[in-house]
Amino acid sequence: MNNAEEKLVFERPRSLTDAHTHYCPGCTHGIAHRLVAEALDELGLRERTLGIAPVGCAVLAYYYFNVDMAEAAHGRAPAMATGMKRANPDKILFTYQGDGDLAAIGAGEIVHAAGRGENITVIFINNAIYGMTGGQMAPTTLEGQKTTSSPMGRDISIAGHPLRMSELLATLDGAAYVARGSLHDPKHIRRAKKAILTAFKVQQAGLGFSMVELLSACGTNWKMDPVEALGWIKDNMVPYFPLGDYKVTDAVKNL
Amino acid sequence: MHQSIVFSGFGGQGALFAGQVLTYAAMDTGRHVTWIPSYGPEMRGGVARCTVIVSDDEIGSPIVRNPDVAVVFNNPSLEKFQTEVRSGGLMVVNSSMINVSVDRSDIRTLWIAGGEIAIELGDVRMTNMVLLGAMLAANPVVELSAAEQALRDHLPERKQHLADPNVEVLRRGYRTATKE
Amino acid sequence: MARELWKGNEALAEASVRAGLVAYFGYPITPQTELLEYLSLRMVKLGRAFLQAESELAAINMVYGAACTGVRVMTSSSSPGISLMQEGLSYIAASEVPVVLVDIMRGGPGLGNIQPSQGDYFQVTRAAGHGDFHPLVLAPATVQEAVDLVYLAFDLAEKYRTIVIVVADGNIGQMMEPAEMPPMRKVKKDRPDWALTGADGREHRIITSLELGAERLEALNLRLQKKIARIRQAEVRYQEHKVEDADILIAAFGTMGRISQTAAEMARAKGIKAGVFRPISLFPFPDERLEELSRQVSRILVVEMNAGQMLDDVRLAVGKDFPVEFYGRMGGVVPLPDDVLEVVERIGAELNDEQR
């Protein structure tokens, strides 16, 4: 069959560059990047999107997203995105932040961006650990979870409780859409993609703050192989960080 | 000509605004002028004080140790400025609020019942204009007419209805002081 | 445009609007708050961006974000607030995006007080954040000069892709003086070729202060240093008052410059030939001119509302062998002309004794 028709079934999203990422084997950042890029492509937003990379493992995300991007100081991405959006209301803004960035050092900025109903989209990667600095305790580290700064396991009497950011931010009137998904298997990855699409549509419609939290794997710092790490999300993270929509305003439902 | 004039009272007595009217009048008649408040965390009832400098030349320091003139609205202001006004200077004293005697013989002191006159003409809050008018009679740093014009020109829109009564009070202060 | 009476803080705000300010982000702090308050109405009425941030930390990062898109943006604060902004300032300097910052200094350290001070000379000229950089720093002495300098600041920030700090003590923020406003400029529609505007029909752009390789980060630093050298060359500003025949030269900036001018006049009335050298650009410091002047005067007296900060720059300019004296007050105490005069008279007497 010489004339067999070639049919393209899979390609790199235009919103991703062809750079090789620096992420560890088994890391789910690559999946999250791809989902964001596919969403921007499908909604035709790439050309007017500005992204903000965090401090953390995704610090170099600006090499991987084929959109205009800036690098924020640790935790300040929502403030930076606010400045960009207020000065350029016609642009689409997203921040890409980890748990240390968003829930620890940047807790103030994210709460106020959500409270103001800042018309930006936040992609929140929760892997319950500090990856880039080598596996220290994060604000989302689970009770009993061993890290290099909680070597005996997180002790609630010392370190307090893990923060559930989606639940917290969903209480704010400015938040239009807040959802938590997971990247531990294909079914959940497809759901996560849908949530990301919704979040950008919310921004396009000017409905307010949108955030998608993604439970993610860090096999390297969890000291697990990739498959084990995905299982750990399902067995340990999902019970503490239940999946689902935490805030869907009526306006978002009618989208 | 180079003159420093302090207006001092409690917050809310209008000392700062009296200074501003003088400042506008000086500016509108082509003088160099500065107005500087002493600012503090108090919003109401605290000390409100400003220094106005009017000069024919460029003004260096906007603040002075010994002002030429002090317009004092209350007891603490009198106590402070009766030691600070320069020798040969002038102190305009709001007798309606002040019951402390002045023990300086080397300065001119003008006692004026700012509060009573303002109440008689409609509102105690116009005390500041009585004192400004009186000061201009004793010390014509700007013409009375310039102060009247400044008051009309620079009262904010929402307070324009207060222009006529304030001008009347300013004039009364001026006339009362001229008689004395 | 006729002269109008302006409060320093509001004059700074209006002049910024006229310079084509697109976005303002700030946080209230005495004694600069009137600037923020003024813009909260003015900017919104013009359909431009104004936002009261949740902290100075957030404010400076909002400014950083807007600056990355190539628009004219500013913030304003006072000493403790500037300390909080230092993180952002360092990132902004490394990213080479233009930003204008107004600092209305108050008494420190710590919470200090809200009285006027010049205690942050080191902070703005030397240590506006971590790493090797210097903002361009302009220090007005009058409300008119504040207007002119902040208007200029936006041009300089864009020209050099740098931070320009207009620094004044609380006196200048709070005082009223007649000033003439500059003309209203149109907001520029076109954006510079480095700005983030969306990767439409071109390669995607990145603005970052991260350079992981030592040599690449050194290259970034060398570029910053080159820029600083150009600024040193071209942006020196100062004002002189009766220096030609001066025996004693008072060096002072901002409010202390004008107070010293009055003191110099008082000294001249007493037969002491005093003059005033007032640096307007604190960075770049006018060291060459000061060195020149040091050859024709007998003594330099530095007067500041701090413990002697610009003093270091003066000493660097004139060398260790030239006699430099210092008079300063701290904590919000403002030296009066007669305080300065007293020191000038003392120096005058010493010079007389030396000549005998």
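The values are calculated or read from the model by the stated rules, or taken from the named source; none is laboratory data. What you are looking at is a predicted structure, and each value in this text was computed from that prediction instead of being measured. Virtual Cβ from ideal backbone geometry, glycine too; neighbours counted across all protein chains shown.
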Check every one of the helices (runs of 4 or more DSSP H) wholly within segment A:61-170 and list those with 1 or more residues that are farther than 23 Å from A:VAL238 by Cβ, in contact (Cβ under 8 Å) with a residue 24 or more places away in the chain and among the acidic types (Asp, Glu).
A:107-115
So is C:ARG258 in contact with a Lys or Arg (Cβ under 9 Å, 6 or more places away or on another chain) and within 14 Å of chain B (Cβ to nearest Cβ) or not?
yes
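Residue-wise test of (1) within 14 Å of chain A (Cβ to nearest Cβ); (2) modelled with pLDDT of 95 or more; (3) surrounded by 13 or more Cβ atoms within 10 Å (Cβ to Cβ).
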| residue | (1), (2), (3) |
| --- | --- |
| C:LEU152 | no, yes, yes |
| C:ASP155 | no, yes, yes |
| C:ILE165 | no, yes, yes |
| C:ALA168 | no, yes, yes |
| C:GLY173 | no, yes, yes |
| C:ARG191 | yes, yes, yes |
| C:TRP194 | yes, yes, yes |
| C:ILE207 | yes, yes, yes |
| C:GLU218 | no, yes, no |
Taking segment C:1-30 and keeping only residues that are within 14 Å of chain A (Cβ to nearest Cβ) and either without any contact (Cβ under 8 Å) to a residue 60 or more places away in the chain or closer than 22 Å to B:HIS32 by Cα (or both), one is left with C:ALA23, C:TYR24, C:PHE25, C:GLY26, C:TYR27
In segment C:62-77, the residues that are within 12 Å of another protein chain (Cβ to nearest Cβ) and either closer than 18 Å to C:THR208 by Cβ or not β-branched (Val, Ile, Thr) (or both)
C:MET62, C:VAL63, C:TYR64, C:GLY65, C:ALA66, C:ALA67, C:CYS68, C:THR69, C:GLY70, C:ARG72, C:MET74
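Hey, which of the helices (runs of 4 or more DSSP H) in segment C:1-85, taking only ones fully inside, have at least 2 residues that are among the aliphatic types (A, V, I, L, M) and either surrounded by fewer than 24 Cβ atoms within 10 Å (Cβ to Cβ) or more than 18 Å from the chain's Cα centre (by Cα) (or both)?
C:33-45, C:56-68
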Going through C:PRO140, C:PRO182 one at a time, which residue ends up being within 21 Å of the chain's Cα centre (by Cα), part of a loop (DSSP other than H, G, I, E, B), under 24 Å from C:GLU304 (Cβ atoms) and in the same structural domain as C:LEU36 (by TED's automatic domain parsing)?
C:PRO140
Kindly indicate whether any position in segment A:69-82 is within 26 Å of A:LEU197 (Cα to Cα), out of contact with any helix residue (DSSP H, G or I) (no Cβ under 8 Å at 6 or more places or on another chain), modelled with pLDDT of 95 or more and within 14 Å of chain C (Cβ to nearest Cβ).
no
I'm checking my understanding of the structure. Among residues of segment A:52-68 that are more than 9 Å from chain C (Cβ to nearest Cβ) and on the phi < 0 side of the Ramachandran plot, which one is surrounded by the most Cβ atoms within 10 Å (Cβ to Cβ)?
A:PRO54
Failed item, numbered, when B:GLN13 is tested on (1) at pLDDT below 95; (2) more than 14 Å from chain C (Cβ to nearest Cβ); (3) surrounded by fewer than 22 Cβ atoms within 10 Å (Cβ to Cβ):
(3)
Going through segment A:203-244 one residue at a time, which ones are assigned to a loop (DSSP other than H, G, I, E, B) and crowded, with 16+ Cβ neighbours inside 10 Å?
A:LEU207, A:GLY208, A:SER216, A:ALA217, A:CYS218, A:MET224, A:PHE241, A:LEU243
Show me the helices (runs of 4 or more DSSP H) found entirely inside segment C:204-295 where at least 1 residues are assigned by TED's automatic domain parsing to the domain that holds C:VAL164.
C:214-234
Checking the structure you have, find out if any residue of segment C:247-254 is over 30 Å from B:PRO37 (Cβ atoms) and without any contact (Cβ under 8 Å) to a residue 60 or more places away in the chain.
yes
Can you go through C:GLY213, C:GLY271, C:GLY254 and tell me which one is more than 16 Å from the chain's Cα centre (by Cα) and at positive phi?
C:GLY271
For segment B:117-139, enumerate the residues that are among the β-branched types (Val, Ile, Thr) and in contact with a helix residue (DSSP H, G or I) (Cβ under 8 Å, 6 or more places away or on another chain).
B:ILE117, B:VAL124, B:THR127, B:VAL130
Test of understanding: among B:ARG108, B:ARG31, which residue is touching a residue at least 24 places away in the same chain (Cβ under 8 Å) and within 14 Å of another protein chain (Cβ to nearest Cβ)?
B:ARG31
